Amino acid sequence: MTTLRLLLVDDHPVVRTGLAGMLSAEEDFDLVGEAGDGEEAVALVRKLKPDVVLMDLRLPRLDGADATARILADFPSIRVLVLTTYDTDSDIVRAVEAGATGYLLKDTPRAQLAEAIRATAKGETVLAPPVAARLVNRMRTPVEPTLTPRESEVLAAVSRGLSNAEVGRSLHIGEATVKTHLIRIFGKLGVDDRTAAVTKAYSLGILPPPTG
């Protein structure tokens with residue numbers, strides 16, 4: 001039997017205790033760590049190398065979507081399963097854009113959660129029915145990608161030929177934060193690199209065309 005190494009991320013100790021109890025009943029699960037915020041989650045992933053991270057979204061210091069993006073930027077083979085009480089469009093889209101493999105709600109029954117974790121470990125997409133319905137509706141009514149003000153600042157700096165470190169210094173943010181913003185920008189624009197992101201942003205009018 002293959003044992004799956006799990007990291008549990010939730011800012012409520014009572015919730016973590018309850019989930020830990022549920023997960024410990026499964027013989028093929030090994031709960032290797034718990035984190036109470038996004039920054040701690042990123043640090044523990046680096047240390048413990050879990051197979052699956054169960055990630056809440058509303059977290060102190062670094063929220064679940066940004067923590068997911070940062071984790072997957074460094075460890076793309078790790079799977080992240082969002083487990084939250086929130087099913088709003090913005091929460092779902094941010095988590096999916098960050099690279100989460102699955103998105104479940106906290107009222108998911110134990111047996112279903114266990115199977116979802118196993119499926120997530122295999123790279124299979126797992127979505128709660130309300131979440132799947134919202135994503136389908138968004139696909140039926142596509143909208144032009146929009147960047148946050150900070151994402152626009154980052155991309156504008158990149159268009160000037162600045163490196164991640166230089167972008168961070170110019171905007172007074174960390175290089176890791178720049179990297180996280182770029183991952184989200186790539187996801188929104190449907191591109192894989194900085195040059196393509198800038199080109200797409202020019203074509204969509206997200207960035208003003210270069211002069212001179």
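The values are calculated or read from the model by the stated rules, or taken from the named source; none is laboratory data. Keep in mind that this is a model prediction, so the values were computed, not measured. Virtual Cβ from ideal backbone geometry, glycine too; neighbours counted across all protein chains shown. To get the accessible areas, we keep the full protein, side chains included, count just its heavy atoms, and leave off ligands, DNA and RNA. Shrake-Rupley method; radii C 1.70, N 1.55, O 1.52, S 1.80 Å.
Could you tell me whether the range 67-87 includes any residue that is touching a Leu at 6+ places or on another chain (Cβ under 7 Å), modelled with pLDDT under 95, open to solvent by 50 Å² or more (accessible area, probe 1.4 Å) and of a type in the set (Val, Ile, Thr)? Yes, the range 67-87 contains at least one residue that is touching a Leu at 6+ places or on another chain (Cβ under 7 Å), modelled with pLDDT under 95, open to solvent by 50 Å² or more (accessible area, probe 1.4 Å) and of a type in the set (Val, Ile, Thr). Restricting attention to the range 116-135, does a residue exist that is closer than 30 Å to Glu26 by Cβ, open to solvent by less than 60 Å² (accessible area, probe 1.4 Å) and charged (D, E, K, R)? The answer is yes; a qualifying residue exists. Those strands (runs of 3 or more DSSP E) of the range 1-73 in which at least 2 residues are out of contact with any helix residue (DSSP H, G or I) (no Cβ under 6 Å at 6 or more places or on another chain), considering only elements entirely within it, cover 4-9, 52-55. Restricting Asp37, Asp66, Asp74, Asp89 to those that are of a type in the set (Asp, Glu), in contact (Cβ under 8 Å) with a residue 24 or more places away in the chain and over 23 Å from Phe186 (Cβ atoms) reduces the list to Asp37. Tell me whether the range 181-191 contains one or more residues that are within 21 Å of the chain's Cα centre (by Cα), open to solvent by 50 Å² or more (accessible area, probe 1.4 Å) and closer than 24 Å to Ser90 by Cα. For the range 181-191, residues within 21 Å of the chain's Cα centre (by Cα), open to solvent by 50 Å² or more (accessible area, probe 1.4 Å) and closer than 24 Å to Ser90 by Cα: present.
In the range 42-57 there is no residue matching the filter, namely being touching a Lys or Arg at 6+ places or on another chain (Cβ under 9 Å), modelled with pLDDT under 95 and open to solvent by 60 Å² or more (accessible area, probe 1.4 Å).
Among the residues of the range 1-34, just one is crowded, with 19+ Cβ neighbours inside 10 Å, free of Cβ contacts under 8 Å to residues at least 40 places away in the same chain and under 19 Å from Asp107 (Cα atoms), namely Arg16.
For every residue, the table says whether it meets (1) within 12 Å of the chain's Cα centre (by Cα); (2) under 20 Å from Thr177 (Cβ atoms).
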| position | (1), (2) |
| --- | --- |
| Arg16 | no, no |
| Leu23 | no, no |
| Glu27 | no, no |
| Val32 | no, no |
| Val42 | yes, yes |
| Arg46 | no, yes |
| Leu54 | yes, no |
| Leu62 | yes, yes |
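Filtered by the rule that a residue be in a helix (DSSP H, G or I) and open to solvent by less than 20 Å² (accessible area, probe 1.4 Å), the range 103-115 gives Leu113, Ala114.
Scanning the range 58-77 for residues that are in contact with an Asp or Glu (Cβ under 7 Å, 6 or more places away or on another chain) and hydrophobic (A, V, I, L, M, F, W, C) gives Leu59, Leu62.
Taking the conditions (1) under 17 Å from the mean Cα position of the chain (by Cα); (2) at pLDDT 90 or above in turn, Ser159 satisfies each one other than (1).
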